[in-house]
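Inspection log for the structure reproduced underneath, given as C-alpha cells.
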Amino acid sequence: MSDATSQAGTAAPFGDESAPPIGLHGLLWSALAVAVMIAAIVSEIPWFLNFVHVMAGILWTGIDLFMGFVVGPILKVVSLDTRRAIISRLMPRMLFLMPTLAIVTGTSGWYLAKLLGFLDLAYPQFWWVVAALTIIVLLTIQGIGVLLPTNLRVYFELRKPHPDGGRIGGWMRKYVIVTALQGTMQIAMIVIMARFVTGL
Ligand code: HEM
C-alpha cells in the first residue's frame with residue numbers, strides 16, 4: 001500500500017513524510033521546454049514556432065480548465081486526508097509546470113506575431129493584438145501574483161508537522177477559483193487566436 005493510501009485510512013498527523021520535497025527534476029523539464037522555445041524563436045521557422053506556441057497554449061488552457069472544473073470539485077468532496085495526499089503531490093508539480101507553460105505560450109506568441117507581421121497591423125485590426133496582449137498580461141499577473149504564492153503557501157503548510165487544514169482549505173478554494181477564471185480568460189484568448197488564424 002502506498003504512503004498516501006495508508007495515511008488516508010488513519011488519523012496519522014500530516015507531516016514531512018506526506019508532503020514530498022520539491023523534486024528538482026521538474027526544473028529540467030522546464031529548462032528543456034524553454035530551450036526548445038528559444039530554438040524555435042532563433043530559427044524563425046514559422047511552423048516550428050507555431051507548434052511550440054500552440055502546444056504550450058493548449059496545454060496551459062486545458063490544464064487550467066481541468067483543474068478548475070474537474071479536479072477542484074473532486075477535491076471538495078473527498079476526505080481531508082485524501083485531499084491532503086493529492087494536494088501535497090500535485091502542488092510541487094504545478095509549481096514548475098504552470099509558470100513554464102505561461103512563459104512559453106506568451107513569449108512564443110509574441111515572436112510568432114512578430115514573425116507573421118501581426119505587430120505591423122493598423123487599427124482597427126491591431127485592437128485584436130492589443131486584446132491578446134492585455135489578456136496575457138492579466139493571466140501572468142494572476143499567475144505570478146496569486147497562483148504561484150498560493151501554491152507555495154499550501155505546500156509549505158503541508159510540510160509542517162501539524163498543518164492547519166482550515167487555512168489550506170481557504171487557499172485551495174482561492175486557487176481553484178482563480179484557476180477557473182484563468183481557464184475562462186484563456187477561452188477568450190483562443191477566440192482571438194481563431195480570429196488571428198482566419199484573418200482579422
Ligand atoms: C493564453 C494565451 C494564448 C493561447 C492559449 C494561445 C493559443 C493559440 C492557438 C491555439 C493558436 C492556433 C489557433 C488556430 O490554429 O486556430 C494560436 C495561434 C497564434 N497565436 Fe496564440 N495563444 C495565446 C497567446 C498569444 C499571444 C499573447 C500572442 C501575441 C500577440 C499570440 C499570437 C498568436 C499568433 C500570431 C498565432 C498564429 C496566427 C496565424 O497562424 O495566422 N498568441 N495561439
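For the reader, a short list of remarks on this structure follows.
- Look at the range 50-70: where a residue is without any contact (Cβ under 8 Å) to a residue 24 or more places away in the chain and a partner is assigned to a helix (DSSP H, G or I) and hydrophobic (A, V, I, L, M, F, W, C), sitting 6+ places away or on another chain with Cβ atoms under 9 Å, you get PHE51/ALA40; VAL54/MET193; MET55/VAL104; ILE58/ILE190.
- From LEU65, LEU97, residue being under 12 Å from the mean Cα position of the chain (by Cα), surrounded by 16 or more Cβ atoms within 10 Å (Cβ to Cβ) and within 30 Å of SER43 (Cβ to Cβ): LEU97
- Some residue of the range 113-135 being within 11 Å of the ligand (Cβ to nearest atom), within 22 Å of ALA31 (Cβ to Cβ) and buried (at least 19 other Cβ atoms within 10 Å of the Cβ): no
- Of the residues contained in the range 79-91, none is found to be more than 16 Å from the ligand (Cβ to nearest atom), basic (Lys, Arg), closer than 18 Å to GLN182 by Cβ and in contact (Cβ under 8 Å) with a residue 24 or more places away in the chain.
Only the coordinates and a few stated rules stand behind these numbers; no lab work does. Keep in mind it's a predicted model, so treat the numbers as computed, not measured. We place every Cβ from the backbone using ideal geometry, glycine too, and count neighbours over all the protein chains shown.
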